[in-house]
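A.B. asks: Here you go, one structure.
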Amino acid sequence: MSSDLALRLVPDELWELAEPLIPDFTPRRQGGGTAAVADRAVFTAIVYVLTSRCAWRHLPAEFGVSVPTAHRRFTAWTRAGLWPRLHRTVLDELGARGQVDRASVIVDAVAVRAKKGHADRPQSSRGSKLHVLSDAAGLPLVVAVSAANVHDSQALKPLLMASPAIRSRRGPRRRRPVKVRADKAYHSAEHQAWLRRRGIVPRIARPGIESGERLGRHRRMIERTPAWLLGYRRLTIRYERHGHLFNAFSFLAAAITCYKKLAEQPT
């Protein structure tokens, strides 16, 4: 693998954020075996799978990582919660620079079809939904995965309750937004009351009265957020039989999406 490709996939600045979060390598109890593969090489191989939609078994040998090692480390890092922590770390860096706009957040969802051949798992064979909570500029703050038959509105409360307390340039960490914007799929009297009890102003289109287009530029912001995430080709089709592994890829995609915004800003 060329060093140029490796640096495009995982720039030094991204690795500086990720490296302290990587769990320690645990050697096999029976001893022996080959030397541990460098964490950065494995991390880069995982990012390649995410961006290219490459099947694990087709991982190029140039990465210097065997297929079993790459998949085993991905699974172990997923169990250790690496990907949400990386996403939160990047958000904190953005927040410290004043680059997270919590004045309003926007909620939406996008359907993801499943790879054929998952008929032994009825839920996954119907595909999944990727739910997103973004800031006012479209940066993904929370991502979540559900079965395809879950109504969009059922994700509103969980997404808001999972909203992270992000560092700010001045003052304490912020978790609660001022406003929530969403299309009419999320409208209900219960949601309106629930948001107001928490001091959050609902800006949700009303069925039969307002269309999603009334959200204006905010509608365009949330529509581009799923587009950014689905730009990571592994998310366009659900290949993983286990939902937590597909969710892991969605968190990694969100982390890299936010990192790209971070890389645009001077330190």
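A.B. asks: Could you size up the charge dipole of the range 62-193 around its Cα centre, putting +1 on the beta carbon of Lys and Arg and -1 on that of Asp and Glu, and report it in debye to the nearest 20? Display every interim value, and only then the final one.
C.D. replies: On the way: 24 positive and 10 negative charges, 72 e Å.
That gives a dipole near 340 debye.
A.B. asks: Would you kindly state how much longer the chain becomes between Gln192 and Arg176 on full extension, computed as 0.36 nm times their sequence separation minus their alpha carbon distance, in nm to one decimal?
C.D. replies: 4.2 nm
A.B. asks: Another question, then. Taking square-rooted eigenvalues a ≥ b ≥ c of the alpha carbon gyration tensor, is the range 36-121 rounded, prolate or oblate, where a/c under 1.5 means rounded and, failing that, a/b exceeding b/c means prolate?
C.D. replies: Working: a/c = 2.47, a/b = 1.37, b/c = 1.80.
It comes out oblate by the Cα gyration axes.
A.B. asks: Still on this model: For Glu93, what accessible area in Å² do you get when you roll a 1.4 Å probe over the heavy atoms of the protein chains, rounding to the nearest 10?
C.D. replies: Taking all protein chains as shown, Glu93 has close to 60 Å².
A.B. asks: What lysines does Lys157 reach when the alpha-carbon gap must be under 30 Å and sequence neighbours fewer than 8 apart in one chain are set aside?
C.D. replies: Straight-distance partners of Lys157: Lys115, Lys129, Lys179, Lys184, Lys260, Lys261.
The values are calculated or read from the model by the stated rules, or taken from the named source; none is laboratory data. This is a predicted model, so every value here is computed, not measured. Here Cβ is always computed from backbone atoms with ideal geometry, including for glycine, and neighbour counts include all displayed protein chains. Just so you know, the surface numbers come from the protein's heavy atoms only, side chains and all, with ligands and any DNA or RNA stripped out. Shrake-Rupley method; radii C 1.70, N 1.55, O 1.52, S 1.80 Å.
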